[in-house]
1. What length, rounded to one decimal in nm, is gained on full extension from Val182 through to Ile161, with 0.36 nm per residue of separation minus their alpha-carbon distance?
2. Most fluctuating residue of Asn138, Asn173, Asn118 in a GNM of the chain with Cα springs under 10 Å: which is it?
3. I need the calculated FRET efficiency for the pair Thr14 and Phe108, taking r as the beta carbon distance and R₀ as 25 Å, to the nearest 0.05.
4. Hey, what's the Kirkwood Rh for the chain if you take every pair of different alpha carbons, in angstrom?
5. Once fully extended, how much extra length lies between Thr128 and Ser200, figured as 0.36 nm per residue of separation less the alpha-carbon to alpha-carbon distance?
6. Taking Lys13 as the anchor, which aspartates and glutamates have their alpha carbon closer than 19 Å to its alpha carbon, excluding any fewer than eight residues away along the same chain?
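Only the coordinates and a few stated rules stand behind these numbers; no lab work does. If you're wondering where the values come from, they're calculated on a predicted model, not measured in any experiment. Every residue, glycine as well, gets a Cβ built from its backbone with ideal geometry; the counts of neighbours run over all protein chains shown.
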Amino acid sequence: NHQVSDDQCHTVKTINCGTNLIFNIWYNQTDSKWTYNVTYTSGTGTNPAKASTYGNTDSALGGVSSNTSIALAYLGNNKVCIFYNGETAGKVHALIAEINPSTRAVTFGSAVEVSGGNCRNCAVSYDTDNSRILFCWNNGSTNGRGYYKSASFSGTTISIIGSASEFPRIGSNYGVEQIRSVYDTNADRHVIAFNYQDNSNDGYAFSVQTT
């Protein structure tokens, strides 16, 4: 085991961010901020990987003012898309973190607003075939309906494409929770799984193509 922080951590997320590199981010309950660092791992043969952690810094995501939710997607070239809420009460934003593979320093692009309202349950996936990002979330201001929206990026700049689409509904049920999204490189589609809290918490899934 390797300790990456001694903060009061909540909503911890980690993701590969390049060869032997792991990007870690969490909600720090001590000062109500998203906080991050980068872990470098090394190991050969049957020896366990050794880890070193660099930085322990309040991030460009700012303070958290609502229920925390965050999701990560690796974009290649040491870049991670961060989709999160809390910068402004109820809204969800996204930005790109770029990790220097030599120094482990992290540079953040500018945050873009993906949606307003009372948003949470963030999920994000990356279309490696078309270089498109897909954001998913629910909105408590619309009875917990689920939504998705795509984006392109250049460098560390995210550009939103079009408007949000609503998850398919079963009858009049809302209450979308526990959203997960992954890109299937065989089908060339994002697969979105979730449960319908208002429909006996049954699980559902559908797919979306980004072009």
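1. Value of the extension gain: 5.7 nm.
2. In this elastic network of the chain, the residue with the biggest mean-square fluctuation among Asn138, Asn173, Asn118 is Asn173.
3. With a Förster radius of 25 Å, E is 0.90.
4. Hydrodynamic radius (Kirkwood, Cα pairs) of the chain is 17.8 Å.
5. Here the segment from Thr128 to Ser200 would lengthen by 22.4 nm.
6. The qualifying aspartates and glutamates are Asp31, Asp58, Glu87, Glu98, Glu177.
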